[in-house]
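Any read-out appearing in this document is the output of simple, stated calculations on the displayed coordinates, not a laboratory observation. Values in this document were obtained by computation on a predicted structure and should not be read as measured data. Using ideal geometry, Cβ is built from the backbone for each residue, glycine included, and neighbour counts are taken over all protein chains shown.
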Amino acid sequence: MLQDGKLYIGTSRKPDDTNDKPEYLELKFGNRHGLVTGATGTGKTVTLQILAEGFSNAGVPVFCADVKGDLSGIGAMGEAKDFLEKRAQQIGLEPYDFQEFPVIFWDLFGEKGHRVRTTISEMGPLLLSRLMNATDAQEGVINIAFKIADQGGLPLLDLKDLQALLNYMGENASALSNQFGFISKASVGSIQRELLILEQQGAVQFFGEPALKISDIMRTTNDGRGAISVLAADKLMMNPRLYGTFLLWMLSELFEVLPEVGDPEKPKLVFFFDEAHLLFNDAPKVLIERVEQVVRLIRSKGVGVYFVTQNPLDVPETVLAQLGNRVQHALRAYTPREQKAVKTAADTFRPNPDFDCATVITQLGTGEALVSTLEGKGAPSMVERTLIRPPASRLGPISDAERQDIMKVSPVAGLYDEDFDRESAYEILMARAKKAADAAAQQAEADQAGQQPSGGSRWTLPGFGDEEPAASSAPKQAKPRTGYQRETVAEAAMKSVARTVASSLGRALVRGILGSLRR
Ligand SMILES: Nc1ncnc2c1ncn2[C@@H]1O[C@H](COP(=O)(O)OP(=O)(O)OP(=O)(O)O)[C@@H](O)[C@H]1O
Ligand SMILES: [Mg+2]
């Protein structure tokens, strides 16, 4: 029943209730994406668990979010329970072995897993605007902020860096508007207030360094199994937009970082989007289009994306059309919207003459689903009514003590647990800014006189505070040019921005489809 190159999902049955055949997901089609849907309590999380187990055993790293805490048991050995043994027997899974899986726990808040962070620079303007639910005017200003920072090689690490840049933009709005496009002071102010709200909601934890390295979610063990990264998302779910934006950022990073591989024998990584409706809820059209584009293109980088959600209507049609491997659990059909969902779900399957899809969807039992996967040359298999296999790892959550034990021996233990303190961030900023300034300094000597940004504007990044007393006590206007060491590093960086722009020396960072940095 367990075959090479295939991941066993469960066993289908005929209308007379006899076993039909084992149902598989072929690893070589694992990057052709998937969809797991069903009403609450119908078995979606368990399906996600057995798929993650299968991929891990096949050597494919997995990333998934644990929305209710009940997926964490995947890191612990399964335990014999009557209903699990019964299911194993029903489907002819023999022997039914238990197993624990190599799990890396992650948590934006650093409580139930290793910290996950990124920098403002790496997230980019599109996703940041989404995170802030920015208006068009605000998004325009955010775009300009990134343009200024990107062109100057000025890293924005955390929310405070962005605040500082916005201060600078507010103070110099008219001068900068000439160069970069209109900057409305009112929009700058409203973004700053939004950032404060974000900060209070916990986003402050998420921005900073050390930023997550994508290679750390693509690890395999010595015995050739794929690590399963489990993101603790119960607390995160209280801020659905942060949750959605974070997952999109991950997708975007994967897309920008990974090389093209075409169609590999098995995926390089499988990425599960639980509560997928949160990605798309009131998302602007352009964002949905970009997501659709990334999902389409990331396949050839060997990444399989699996959306898990209650209702297939939660996923935009253009995305839905790309999801090749499908597990449809039971749906209710009381309201017109529910009936429409049933119809949509039924219509997307290649029909099976033995039964009517729409009828069966409302009759499926717990842990039972309509399954269709890609086969042959990549066409969908005929839909089958399938009893999903029971998991080999523990069903339900693990204890806090077990979680701590796993985190202690994790391959990333100690790498992300501490914030870089201010001083470290300062060094990074200093080094990068100095390099930028140095590069620009030589060719800018000639035209330096005319190109100074408006004098008297002091722009100080966090960590440069020691410059402040001197700057404010000394008269500012007639400062002699004795080199940038007398200025704040940030000021030097800003000048280098001005010079770079003036001389169109293309140092600008390049951003990809979802606005992440190209690398
Ligand atoms: N394949 C399976 N084998 C045995 N039992 C299962 C299976 N799938 C689901 N179950 C049983 O059904 C329960 C609910 O399943 P699950 O938690 O996966 O539902 P869900 O669709 O994720 O629900 P929710 O929408 O509330 O998150 C499980 O705790 C388990 O007892
Ligand atoms: Mg669930």
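Which FRET efficiency value, to the nearest 0.05, do you get for Lys185 and Asn133 by plugging their Cβ-Cβ distance into 1/(1 + (r/R0)^6) with R0 = 35 Å?
The computed FRET efficiency comes out at 0.95.
Can you tell me how much longer the chain between Tyr334 and Glu194 gets when fully stretched, taken as 0.36 nm per residue apart minus their C-alpha distance, in nm with one decimal? The partial results should precede the final answer.
Working: separation 140, 0.36 × 140 = 50.40 nm, distance 4.01 nm.
Stretched out fully, the Tyr334 to Glu194 stretch lengthens by 46.4 nm.
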Please list the three semi-axes, largest first and in whole Å, of the ellipsoid equivalent to region 269-309, using sqrt of 5 times the eigenvalues of its alpha carbon gyration tensor. 18, 14, 4
Take the Cα pairs of region 1-116, get the Kirkwood Rh, then feed it into Stokes-Einstein at 20 °C and 1.002 mPa s and tell me D in µm²/s. 134 µm²/s
Give Lys21/Lys266; Lys6/Lys268; Lys112/Lys408; Lys6/Lys377; Lys6/Lys266; Lys28/Lys343 a once-over and call out the pairs whose C-alpha atoms are over 18 Å from each other. Lys21/Lys266; Lys28/Lys343
Virtual spin-label span in nm between Met382 and Leu297, 7 Å along Cα→Cβ: 3.9 nm
Could you tally the net charge around Leu162, taking each other residue with its Cβ under 12 Å from the Cβ of Leu162, Lys/Arg +1 and Asp/Glu -1? -3
Counted charge near Glu384, where neighbours are those whose Cβ lies closer than 13 Å (Asp, Glu -1; Lys, Arg +1): +1
Protection-proxy order for peptides 274-283, 394-403, each taking the mean of Cβ atoms within 10 Å per residue, highest first: 274-283, 394-403
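Please find the FRET efficiency linking Gln99 to Ser177, where r is the Cβ-Cβ separation and R0 is fixed at 56 Å, and quote it to the nearest 0.05.
0.35
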Summing Lys, Arg as +1 and Asp, Glu as -1, what charge do residues with Cβ under 13 Å from the Cβ of Leu35 carry, Leu35 excluded? 0
